[in-house]
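The values are calculated or read from the model by the stated rules, or taken from the named source; none is laboratory data. As the structure is a computational prediction, the values presented were derived from the model and not from experiment. Neighbour counts are summed over all protein chains in view; Cβ atoms, including those assigned to glycine, are modelled from backbone coordinates with ideal geometry. To get the accessible areas, we keep the full protein, side chains included, count just its heavy atoms, and leave off ligands, DNA and RNA. Shrake-Rupley method; radii C 1.70, N 1.55, O 1.52, S 1.80 Å.
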Amino acid sequence: SIIAQPGWDTIDKVRRPETRLAYSSKPPLLPTILAYEYKLLRKIPTFSYSADEGWHKTGTLTFERHPLALVRIIVATANWVPLVIFLVLLSRLLDRLTQDAWVRAFTLAAAAGGTYLSGFSVTLNNHTVAAFCAFFAFYPAMLVWMDDRKEPWLFAAAGFFASLAAVLELPALALAAALFVALFWKHAAKTILCFLPFALLPLAAHCYTNYQVTGSLMPAYGEKD
């Protein structure tokens, strides 16, 4: 019923033939995670001030009372915080790859403002989160590959974020496969023991949430009306 309300409709929906109901075409894992964030945010009390009564409690943060504030908080945690972390890690990687200050500055500026990341980061979507996760998988894999580092957490982080990127954006499955092959080439045992188990976590969460939403393991957009 939410899409019947003004301003909340979307084109990202499909109709399942067996139920004749409309479902979001987006992977359900991300909105499920953000729903738990909202569950915490809605416990935050809100106050108003008047000259007669002073400060007094008016309720809590809810979409009914404070939709813009909540949207901005959630978008900031889903997009802007990962964007800052992405740029910090990219700057560190650039310091390793080139000593040319102009190249580092130009590349970092392009990453910050020359892609769709900055444009899409002002709205809630799965594409930006998947892109950030892809880099968060790539960065520890590069540390393993360049420095021959063998810490288990590097393999675990690469596997977890590569899988999370794939379940949020299916084409990222190619990146997950490439990182697995690259890390397996360097350290087969740690890739099997650390990369794979943590890669299974987002996949299992995706399958579970998708089944809860649609009653099927098949993504909603995988079936046609």
Any residue in region 56-64 that is free of Cβ contacts under 8 Å to residues at least 12 places away in the same chain and open to solvent by less than 50 Å² (accessible area, probe 1.4 Å)?
no
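One line per residue, one yes/no per condition, for (1) exposed (fewer than 15 other Cβ atoms within 10 Å of the Cβ); (2) at pLDDT 95 or above; (3) farther than 24 Å from Met146 by Cβ:
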residue: Pro171; (1), (2), (3): yes, no, yes
residue: Ile192; (1), (2), (3): yes, yes, no
residue: Phe198; (1), (2), (3): no, yes, no
residue: Tyr221; (1), (2), (3): no, no, yes
So Arg96 ticks every box in (1) without any contact (Cβ under 8 Å) to a residue 12 or more places away in the chain; (2) closer than 24 Å to Pro140 by Cβ but one. Which box is left unticked?
(1)
Of the residues in region 25-53 that are open to solvent by less than 100 Å² (accessible area, probe 1.4 Å) and modelled with pLDDT under 80, the one that is farthest from the chain's Cα centre (by Cα) is Ala51
In this structure, is Leu143 in contact with a helix residue (DSSP H, G or I) (Cβ under 8 Å, 6 or more places away or on another chain) and either β-branched (Val, Ile, Thr) or touching a residue at least 12 places away in the same chain (Cβ under 8 Å) (or both)?
no
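Can you give me the number of residues within region 12-41 that are charged (D, E, K, R) and either touching a helix residue (DSSP H, G or I) at 6+ places or on another chain (Cβ under 8 Å) or in contact (Cβ under 8 Å) with a residue 60 or more places away in the chain (or both)?
The first filter runs over region 12-41 and keeps only residues charged (D, E, K, R), leaving 12-13, 15-16, 18, 20, 26, 37, 39.
After this cut, where a residue has to be either touching a helix residue (DSSP H, G or I) at 6+ places or on another chain (Cβ under 8 Å) or in contact (Cβ under 8 Å) with a residue 60 or more places away in the chain (or both) as well, the list is 13, 15-16, 26, 37.
Residues flagged as charged (D, E, K, R) and either touching a helix residue (DSSP H, G or I) at 6+ places or on another chain (Cβ under 8 Å) or in contact (Cβ under 8 Å) with a residue 60 or more places away in the chain (or both) within region 12-41 amount to 5.
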All but one of (1) surrounded by fewer than 21 Cβ atoms within 10 Å (Cβ to Cβ); (2) touching a Ser or Thr at 6+ places or on another chain (Cβ under 6 Å); (3) among the hydrophobic types (A, V, I, L, M, F, W, C) hold for Leu183, so report the exception by its number.
(1)
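Looking only at region 62-73, filter to residues that are assigned to a helix (DSSP H, G or I) and among the hydrophobic types (A, V, I, L, M, F, W, C); which one of those is modelled with the highest pLDDT? First the steps, then the outcome.
Of region 62-73, the ones assigned to a helix (DSSP H, G or I) are 67-73.
Add one more test, that the residue is among the hydrophobic types (A, V, I, L, M, F, W, C), and what stays is 68-71, 73.
Values: Leu68: 88, Ala69: 90, Leu70: 91, Val71: 90, Ile73: 94.
That would be Ile73.
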Quick check on my filter: what residues within region 146-189 are aromatic (Phe, Trp, Tyr) and more than 24 Å from Leu97 (Cα to Cα)?
Phe160
